[in-house]
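Q: Right, I'll just put the structure down here and ask away after.
The values are calculated or read from the model by the stated rules, or taken from the named source; none is laboratory data. The structure presented is a predicted model; accordingly, all values stated were derived computationally and were not measured. So basically every Cβ, Gly included, is an ideal-geometry build from the backbone, and we count neighbours across all protein chains shown.
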Amino acid sequence: MSMKLLRYGPSGREKPGLMDTEGKIRDLSDIISDIAGDVLTDAGIAKLRDLDATSLPLVEGEPRIGPCVGGVGKFVCIGLNYSDHAAEAGQPVPTEPIVFMKATSAICGPNDNVEIPRGSVKTDWEVELGVVIGKRAKYISESEALDHVAGYCIVNDISEREFQSERLGQWTKGKSHDSFGPIGPWLVTRDDVPDPQKLDLWLEVDGVRRQDGNTDTMIFGVAKIISYLSHFMTLDIGDVISTGTPPGVGMGQKPAPIFLKPGQIMKLGVDGLGEQEQTTVQA
């Protein structure tokens with residue numbers, strides 16, 4: 001059975017669930033406490049796969065969908081990882097992955113409001129393929145890297161470009177405002193994504209298509225990224241890696257950059273991983 005794991009309910013009190021074949025949410029609260037920790041291991045996912053989804057309680061109505069993984073220890077991101085995006089950013093194609101961290105307090109649900117920070121004039125969008133770690137990774141090879149993946153999800157790596165690039169220091173402070181890390185709606189287990197380098201990804205703002213790409217144009221693929229990171233830090237179960245964005249971000253629009261204002265709607269998606277929709281609001 002293909003598995004789409006999710007978390008639903010009020011922020012901070014999400015319950016674990018899964019999406020059944022009819023697109024309905026089934027509650028997993030009697031089986032597991034969260035989509036986190038050992039649940040994300042191969043053994044944990046195998047137990048869930050053995051369940052008969054139709055026997056699980058049906059969740060009525062349309063509850064809020066939370067971030068698809070809980071207890072995230074690290075939120076690691078890769079910058080300028082599509083050659084055409086590096087070009088629009090006016091940057092050389094990296095010879096090694098550019099690594100930055102996003103504060104875990106930025107994590108929110110896939111359809112939660114996105115805050116425009118106070119004093120911001122350059123808040124921007126970035127649709128990305130997210131990778132959730134399911135097995136501890138330290139000094140691993142590229143050939144074994146995908147065995148350390150629990151599954152994949154959508155990440156919108158919201159960025160404030162002035163905070164990121166025009167203020168001193170690293171990118172982190174332009175990447176970490178509350179709501180700058182929508183994750184989900186689902187965690188799709190890795191067996192359901194046979195090739196993470198063949199996924200279309202797209203983003204629209206107010207109905208206008210801004211980003212259209214495919215993970216086959218990544219400079220560094222998912223396996224390379226995981227192996228590379230594992231030589232600098234241990235990747236733990238539940239860590240989230242956001243793998244970079246294709247061209248079409250606001251700062252790269254021609255003839256002039258376009259940035260987000262309160263009251264706009266972003267819609268974004270990745271093949272097989274669902275869609276997100278966020279409304280921007282003033283912080």
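Q: For region 229-246, give me each residue that is closer than 12 Å to Leu203 by Cβ and touching a Gly at 6+ places or on another chain (Cβ under 7 Å). Working first, answer last.
A: Residues of region 229-246 that are closer than 12 Å to Leu203 by Cβ, as a first pass: 245-246.
Answer for region 229-246, where residues must be closer than 12 Å to Leu203 by Cβ and touching a Gly at 6+ places or on another chain (Cβ under 7 Å): just Pro246.
Q: Which condition number does Gly119 fail, the rest of (1) in contact with a helix residue (DSSP H, G or I) (Cβ under 8 Å, 6 or more places away or on another chain); (2) assigned to a loop (DSSP other than H, G, I, E, B) being met?
A: (1)
Q: Right, something else. Determine, yes or no, whether Leu18 is part of a loop (DSSP other than H, G, I, E, B), more than 22 Å from Leu146 (Cα to Cα) and touching a residue at least 12 places away in the same chain (Cβ under 8 Å).
A: Working: part of a loop (DSSP other than H, G, I, E, B): no; more than 22 Å from Leu146 (Cα to Cα): yes; touching a residue at least 12 places away in the same chain (Cβ under 8 Å): yes.
Considered against the rule, which asks whether it is part of a loop (DSSP other than H, G, I, E, B), more than 22 Å from Leu146 (Cα to Cα) and touching a residue at least 12 places away in the same chain (Cβ under 8 Å), Leu18 comes out as no.
Q: Shifting gears a bit: Yes or no: Ser33 more than 26 Å from Arg136 (Cα to Cα) and either in contact (Cβ under 8 Å) with a residue 24 or more places away in the chain or in contact with a Pro (Cβ under 9 Å, 6 or more places away or on another chain) (or both)? Please lay out each step first, then the result.
A: Working: more than 26 Å from Arg136 (Cα to Cα): no; either in contact (Cβ under 8 Å) with a residue 24 or more places away in the chain or in contact with a Pro (Cβ under 9 Å, 6 or more places away or on another chain) (or both): yes.
Considered against the rule, which asks whether it is more than 26 Å from Arg136 (Cα to Cα) and either in contact (Cβ under 8 Å) with a residue 24 or more places away in the chain or in contact with a Pro (Cβ under 9 Å, 6 or more places away or on another chain) (or both), Ser33 comes out as no.
Q: Which numbered condition in (1) modelled with pLDDT under 95; (2) surrounded by 15 or more Cβ atoms within 10 Å (Cβ to Cβ); (3) not in a loop (DSSP other than H, G, I, E, B) is the only one that Thr54 fails?
A: (2)
Q: How many residues are more than 22 Å from Cys108 (Cβ to Cβ) and in contact with a helix residue (DSSP H, G or I) (Cβ under 8 Å, 6 or more places away or on another chain) if we restrict to region 1-31? If you could, list the steps in order and put the result at the bottom.
A: From region 1-31, those more than 22 Å from Cys108 (Cβ to Cβ) are 1-3, 20-24, 26, 30-31; that's our starting set.
In the following step, the residues that additionally are in contact with a helix residue (DSSP H, G or I) (Cβ under 8 Å, 6 or more places away or on another chain) were identified as 1-3, 20-21, 26, 31.
Going through region 1-31 one residue at a time, the tally reaches 7.
To keep it simple, each residue is scored yes or no on (1) hydrophobic (A, V, I, L, M, F, W, C); (2) touching a residue at least 60 places away in the same chain (Cβ under 8 Å); (3) part of a loop (DSSP other than H, G, I, E, B); (4) out of contact with any Ser or Thr (no Cβ under 9 Å at 6 or more places or on another chain).
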{"site": "Ile45", "(1), (2), (3), (4)": "yes, yes, no, no"}
{"site": "Pro63", "(1), (2), (3), (4)": "no, no, yes, yes"}
{"site": "Gly71", "(1), (2), (3), (4)": "no, yes, yes, yes"}
{"site": "Cys77", "(1), (2), (3), (4)": "yes, yes, no, no"}
{"site": "Ala87", "(1), (2), (3), (4)": "yes, yes, no, yes"}
{"site": "Pro92", "(1), (2), (3), (4)": "no, no, yes, yes"}
{"site": "Glu96", "(1), (2), (3), (4)": "no, yes, yes, yes"}
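Q: Something else: Give the number of residues within region 91-134 that are surrounded by fewer than 16 Cβ atoms within 10 Å (Cβ to Cβ) and charged (D, E, K, R).
A: Of the residues in region 91-134, 2 are surrounded by fewer than 16 Cβ atoms within 10 Å (Cβ to Cβ) and charged (D, E, K, R).
Q: Then there is this: List the strands (runs of 3 or more DSSP E) inside region 135-247, counting only whole elements, that have at least 1 residues being surrounded by 15 or more Cβ atoms within 10 Å (Cβ to Cβ) and in the same structural domain as Asp42 (by TED's automatic domain parsing). Talk me through it step by step, then tell me what you get.
A: Values: elements: 149-156, 187-189, 200-205, 208-214, 240-242.
Output list is empty.
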